[in-house]
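A quick write-up on the structure given underneath.
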Amino acid sequence: MKPSAFDYVRADRVQDIFDAFGHYGAEARILAGGQSLMAMVNYRLARPKALVDISRCAELDYMHVRDGHLVVGAAVTQARVQQREALAREVPLLHLAFPYISHFQIRSRGTVCGSIAHADPSAELPLCLAALQGSVVLRSKSGRRTLAADAFFTGMLMTAIEDGEFIEEVRFPLAAEGHRYRFDEVALRRGDFAIVSLAVVASASDVALTIGGVADRPVTRRWPRSVAGDLPAALAAFAWDLQAQSDPHVSAAYRRHLVRTLGQRLITEVLDETVS
Amino acid sequence: MVGYEYYSRKARDMSSELVNESGPHVGRRALRVEDAALLTGRGHYADDVGVKPGTLQAAILRAPHAHAEIVSIDTAAAEQLPGVRAVLTGADVRQWAAPFPVGVHQPMEHWCMAIDKVRYVGEPVAVVIAEDRYLAEDALDFVEVQYRQLPAAVDPEAAAGAQAPVLHEAVGSNVVTDRHFSYGDPDAAFEAAEHCVSLTIHYPRNSTTPIEGFVVVAEYLAGGEGYDVLSNFQGPFAIHTVVARALKVGSSRLRLRFVKDSGGSFGVKQAVSTYVALLCLAARKAGAPVKWVEDRYEHLMASAAAPNRVTTIEAAVQADGTLAALRYDQMDDCGAYLRAPEPATLYRMHGIMTGAYRVRNLAVRNRVVLTNKTPSALVRGFGGPQMYFALERLMQRIAVELDLDPLEVIRRNLIQPDAFPYRAPAGALIGSGNYQESLALAVGRGNLDELLQRRQAARAAGRLYGIGYAAVVEPSISNMGYITTVMTAEARAKAGPKNGAIASATVSVDPLGCVTVIIDSVPGGQGHRTATAQVVADVLGLVPEDIIVNTELDTQKDAWSIAAGNYSSRFAGAVAGSVHVAALRIREKMAQIAADTLQAPPDTIQFAGGTLYSSEAPDRRLRFHRVAGLTHWSPGSLPADMQPGLRETVFWSPPQAEAPDDKDVINSSAAYGFIFDICAVEVDRATGQVRIDRYVTSHDAGCLLNPALAEGQIRGGFAQGLGAALLEEYRYGADGSFLSGTLADYLMPTACEVPEPIIVHLETPSPYTPLGAKGIGEGNNMSTPVCIANAVADALGVADVRLPLTPSRVHALLAEPEPEPPSAEASRAPAASADGSRAGRDTLRMSGTVQLAAPPERVYAVLMDPDALASVIPGCHALEQVDEHTYRAEVTIGIGVVKARYQAQVTLSDLDPPHGLSLGGKGMSALGTAQGSGTVRLEPMAGGTRLAYDYDIAVSGKVAAVGSRMLEGAAKVILQQLFERLGRKASGETIVARPSWWRRLLAFLGIGR
């Protein structure tokens, strides 16, 4: 299991990335933590001409709070975000979700932006970004554009990243006053790809449920808080709308069941808590 | 190196403790001598060992199809690549080798590589030998193989039927052996029985997966000296003869060498032997030594698996639960070839098919069916997991159906303590045991009463809690004669007797009195060097640190016989036993020398603290090394007639390991341990997840040489048994495509999933092994899968539980009705809707509708126009017409970063303008094949066309093996792209596709259009 030959470019500066894009065109892939990409390269499922390693690019190695968001640069590993002392207060949903993201060895290499760029439908970080209505900043030689999570994820392993662009940072909105957050996930083993992952965000007026692992991307449905009594029917309809798929381990029916059952459990919990 | 220093200090402290402590070393929890190297990164695994300068690397081209004829192989392009030295194909194999001998008399051939037909996904088709592995893998894409696909036989029950595609035409059927056995009078017992309880089980295809894959370094020697091989093959060495026959050399011309450490063996390393043959031929073709290191994908897909088994088991039972007779109908799915020693999985347990129970009437039918899957081979547990899954599930069903306590049903039928040695009806001779006592220990130490209370409380609260039991007799030290039970008594008489379980060991003492031991078990990671040193130290009055143990067997220099190797839990009973016997011979010789010097009777000579003395005069002591030294430095001063030197080699075989008699009675193993397990689980009703609340495992492995090593075996077997119960299965599509090609698809338990079991020991010594030890290496692989299954069945109140009990499967057993889909919702679905289903193992079926903004006639016209069609097929470049409705196309299919370039054929048929047609595509790429066939219906609707599609999709090769989690999603993406582009084209939109990566690459290289 050896990759086909590729050039390795270490981008110490953002300009190096643009130079590599200029040289290799669309055949250059960004390498950050390599936790998904390298496996596919080794299996030869992907045969990029060049890997542009941004993991040591100081310009992309930043994490801070700005304009009501936790901003995470492209070189920041998942472990560093998880270890951020104020994370539970700043972005409680991320704090809840991190323990489900694989194992610490992988989090200490994998980057937040890399997981977003990979857009695995079962991954937790895209789910959190979508649930929180965060955004992605894409940078190219000609400038930057900011996309809402909904516009960024376009399908299974597919995003709105154009040739010549890379993710510069992602922005997670900070916890809003009075909002409540819940996360749950079922996987076959600890740290595995989610069969179904769920994020609940409850505000004073409504409750939103975002589901990962079922559709080709994270999907959110929002209801007024008064949905409580009608929740089973609402969740049943949502579960069907997600067009769950079967794989060798899991039936579509089981995925729909988890959406209903765990959705009910999480939403009921969060509604009860905010009332009391 | 702080960690290492700490470890050494700790080891020193503990060993000095051991030195000071009096009493034998056998039985102590001695630290493993192997670990200092392993824990500090200084182990010697097969891939770490240096190779000769000029050694080349091999990569293996493997079949993407489960069943296909090889029409042609063209290696010219691959051979011309820089760095590629040679390509080995079936033609070479046919010239230099022979098929492997097969264990049943049938006209079928198993070569080390496909010759004219491939019969499973992953079967070797060519070997590229190059200067490095990267180049070798690059070249695989350039070996052009044309296949003619054949229908595949995948499900074992269907494969056994008359309509199934046949793998080996000359056999005429996929059932290659079918034998009936009867012991006692089972028919009469069933006739007379008050109750008959039966059950059909489907044991899954799984494995016990080592971290380290297969490694072979082979060289073809000059001057007709044959082949020299270094590998991590594990035995049994009867397979050495099989490989020598396949290579058409005398066995002395096939030198097998081994390395010091192992990254896990677990039975599957027996299958390295197939690749020993293949790599020998590769080395011969290349004219240089060749190394091959199996990668994870190859290992999962094509190394070996335990045969999946379908068993119908019946019991004739009295009302109190007493068994009167058992009847098995077993069918093993051994995959594409019967690879030696198969069908041994079916016969390993043969003498002990009655398990721990004293039932005297037994009927057994054994069939082997071949299917288009990887050939089965040894897998830890070897026949035990399959057999006990049937028997112990049945014991629970008897209790349920007769409304008895399952523990009571087991207890009532156990062999009584005073019955040992006990001869089971099919032949097992169980030397010792106290099954009631083992059971009582588990019940007491595991606090079963508390678990029963928990179950009661949980159930009262509406929760799902269950308790399971398993009673297992664990055979060890296989009698090499058991495999011949597959033959009739007449055939056996013709072939000559086969029996025994020979172990060999050599103990030598050198001129300075240092002791070296060579054993025949080859490394597997169990700590054999540690236990061997303990055994020898006791015999010679030394400490284990004084003994060097070498497990790096060399078939040209060391003692070995056909039963040598690391399998059938033979170490403690047979290997350590033969070591003991050899050490006793050394002791005897040294005692004679000492007696001569001390002028004392030889039988008074004692060995202790590195000295020899007579018990009659304990004050006069001779140093051990001085006595040993005489045999080297001064043979003239030895007692008369004594040979110089001090080296003893022993071949030991238990006399009880006799050949099967003419009534097929076979003592299939030399020793039989006992296990009684209790498992309590809670099943989460919401998620179907199984949580193990407590697991108790009570073992009687006779005398334990080193309880820490024994418990290592229990923990490892338990983890693998838990994996088999809850997670692990090699999955295949209906077309035989392999779907478990990564460790994210073949799920093994990690430390997070494995709870700590409560381990209890009882030691009833085996009368048939030199040290009273019985094997303990495989017991939990046999007991744990069924014990967990019994607990889950108890929790859910169901009869048919199939492993692995994944949450999805458990949820299905709960059979909760699902709310109906809101039908209005479905029709409001966005532009396209698709519903994929792959019920069980069927092909992927996708159907759905798309609304197109053009009338049916326009849509139809696009499909009929090659240029328009080319612009509609996603990733299509170069569409070329072959005949009226068939096109050849190059299509690049990409999902995210994953890209595959297919040579495709597109076919239109069943034309019914403008209402519909069939549109099929079939493509081949380095990542495997993909095909889709189905119908497209066009119906006019307001503002355009409603297009309904219904597709069967089959994907094979690497994409299926490693991408099964996303296959359905990917198929959906591609179909939707296809039909959306069709709609846009038909409505007159220009499709400006982003140029494909391929076209961009060509453009970059300056050769694009």
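Assorted remarks:
- Counting residues in segment A:80-88 that are open to solvent by less than 10 Å² (accessible area, probe 1.4 Å), in contact (Cβ under 8 Å) with a residue 24 or more places away in the chain and over 22 Å from residue A:177 (Cβ atoms) gives one or more.
- Checked against the criterion of being part of a loop (DSSP other than H, G, I, E, B), touching a residue at least 60 places away in the same chain (Cβ under 8 Å) and closer than 30 Å to residue B:164 by Cα, segment B:750-772 has no qualifying residue.
- Residue in segment B:739-750 that is most open to solvent (accessible area, probe 1.4 Å), counting only those that are at pLDDT 95 or above and more than 8 Å from every other protein chain (Cβ to nearest Cβ): B:748
- Options B:496, B:427, B:527, B:468; residue that is free of Cβ contacts under 8 Å to residues at least 24 places away in the same chain, of a type in the set (Gly, Ala, Ser) and open to solvent by less than 50 Å² (accessible area, probe 1.4 Å): B:496
- Within segment B:291-307, if we keep just the residues that are under 17 Å from residue B:64 (Cβ atoms) and of a type in the set (Asp, Glu), the residue that is nearest to the other protein chains (Cβ to nearest Cβ) turns out to be B:295.
- A single entry from B:151, B:165 fulfils the requirement of being more than 14 Å from every other protein chain (Cβ to nearest Cβ), open to solvent by 60 Å² or more (accessible area, probe 1.4 Å) and touching a Pro at 6+ places or on another chain (Cβ under 7 Å): B:151.
- You will find that of B:77, B:58, B:46, the residue that is of a type outside the set (D, E, K, R), modelled with pLDDT of 95 or more and part of a helix (DSSP H, G or I) is B:77 and no other.
- Residues satisfying the stated conditions in segment A:224-251, i.e. open to solvent by 10 Å² or more (accessible area, probe 1.4 Å), within 11 Å of chain B (Cβ to nearest Cβ) and not aliphatic (A, V, I, L, M): A:232, A:240, A:241, A:243, A:245, A:246, A:247, A:248, A:249, A:251
- Only one of A:164, A:155 that is within 11 Å of chain B (Cβ to nearest Cβ), open to solvent by less than 40 Å² (accessible area, probe 1.4 Å) and farther than 14 Å from residue A:93 by Cα: A:155
- Tally of residues being farther than 27 Å from residue B:773 by Cβ and open to solvent by 10 Å² or more (accessible area, probe 1.4 Å) across segment B:655-687: 8
- Any hit, segment B:328-338, residues being open to solvent by 10 Å² or more (accessible area, probe 1.4 Å), under 30 Å from residue B:303 (Cβ atoms) and not aliphatic (A, V, I, L, M): yes
- Extreme residue, nearest to the chain's Cα centre (by Cα), among residues of segment A:1-53 that are open to solvent by 50 Å² or more (accessible area, probe 1.4 Å), among the charged types (D, E, K, R) and within 21 Å of residue B:892 (Cα to Cα): A:29
- Against the conditions (1) closer than 26 Å to residue B:476 by Cβ; (2) within 19 Å of the chain's Cα centre (by Cα); (3) open to solvent by less than 30 Å² (accessible area, probe 1.4 Å), residue B:713 satisfies every one except (3).
- Residue selected from segment A:167-185 under the condition under 16 Å from residue A:123 (Cβ atoms) and either more than 10 Å from chain B (Cβ to nearest Cβ) or in contact with an Asp or Glu (Cβ under 9 Å, 6 or more places away or on another chain) (or both), by the criterion surrounded by the most Cβ atoms within 10 Å (Cβ to Cβ): A:170
- Sole residue being within 30 Å of residue B:396 (Cα to Cα) and over 29 Å from the mean Cα position of the chain (by Cα), chosen from B:182, B:198: B:182
- Counted residues, segment B:603-619 - those being open to solvent by 30 Å² or more (accessible area, probe 1.4 Å) and closer than 24 Å to residue B:511 by Cβ: 4
For every residue, the table says whether it meets (1) over 30 Å from residue B:576 (Cα atoms); (2) within 20 Å of the chain's Cα centre (by Cα).
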position	(1), (2)
B:735	yes, no
B:746	yes, yes
B:758	no, no
B:761	no, no
B:783	no, yes
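- Residues (open to solvent by less than 40 Å² (accessible area, probe 1.4 Å) and either outside any strand (DSSP E or B) or basic (Lys, Arg) (or both)) located in segment B:101-119: B:101, B:103, B:104, B:108, B:110, B:111, B:112, B:113, B:114, B:115, B:117, B:119
- Test: residue in segment B:311-320 that is over 25 Å from residue B:380 (Cβ atoms), part of a loop (DSSP other than H, G, I, E, B) and of a type in the set (Gly, Ala, Ser): yes
- At least 2 residues being away from chain B (no Cβ under 11 Å) and among the small types (Gly, Ala, Ser) is the threshold, and among the helices (runs of 4 or more DSSP H) wholly inside segment A:1-110 those reaching it are A:14-24.
- Test: residue in segment B:19-31 that is assigned to a helix (DSSP H, G or I), open to solvent by 30 Å² or more (accessible area, probe 1.4 Å) and modelled with pLDDT under 95: yes
- Residue B:976 meets all of the listed conditions (1) in contact with a strand residue (DSSP E or B) (Cβ under 6 Å, 6 or more places away or on another chain); (2) more than 14 Å from every other protein chain (Cβ to nearest Cβ); (3) assigned to a helix (DSSP H, G or I); (4) not β-branched (Val, Ile, Thr) but one, namely (2).
- Within segment B:721-743, residues that are within 21 Å of residue B:68 (Cβ to Cβ) and of a type in the set (Asp, Glu) reach no partner that is outside any helix (DSSP H, G or I) and open to solvent by less than 10 Å² (accessible area, probe 1.4 Å) with beta carbons closer than 6 Å at six or more positions or on different chains.
- The set of residues in segment B:571-615 being part of a helix (DSSP H, G or I) and small (Gly, Ala, Ser) consists of B:572, B:573, B:574, B:576, B:577, B:578, B:582, B:583, B:591, B:594, B:595.
- Matching entry among A:221, A:265, A:190 (being in a strand (DSSP E or B) and open to solvent by 40 Å² or more (accessible area, probe 1.4 Å)): A:221
- Residues in segment B:155-175 include none that are modelled with pLDDT of 95 or more, farther than 26 Å from residue B:114 by Cβ and part of a strand (DSSP E or B).
- Qualifying residue in segment B:915-934 (condition: more than 21 Å from residue B:734 (Cα to Cα), open to solvent by 20 Å² or more (accessible area, probe 1.4 Å), of a type in the set (A, V, I, L, M, F, W, C) and within 14 Å of chain A (Cβ to nearest Cβ)): yes
- Verdict on residue B:285 being of a type in the set (D, E, K, R), farther than 23 Å from residue B:559 by Cα and open to solvent by 10 Å² or more (accessible area, probe 1.4 Å): yes
The values are calculated or read from the model by the stated rules, or taken from the named source; none is laboratory data. Predicted, not measured: the structure shown is a model, and the values here were computed from it. Note that we place each Cβ from the backbone using ideal geometry, even for glycine, and neighbour counts take in every protein chain shown. Side chains are part of the model used for accessible areas, which takes the heavy atoms of the whole protein and leaves out ligands, DNA and RNA. Shrake-Rupley method; radii C 1.70, N 1.55, O 1.52, S 1.80 Å.
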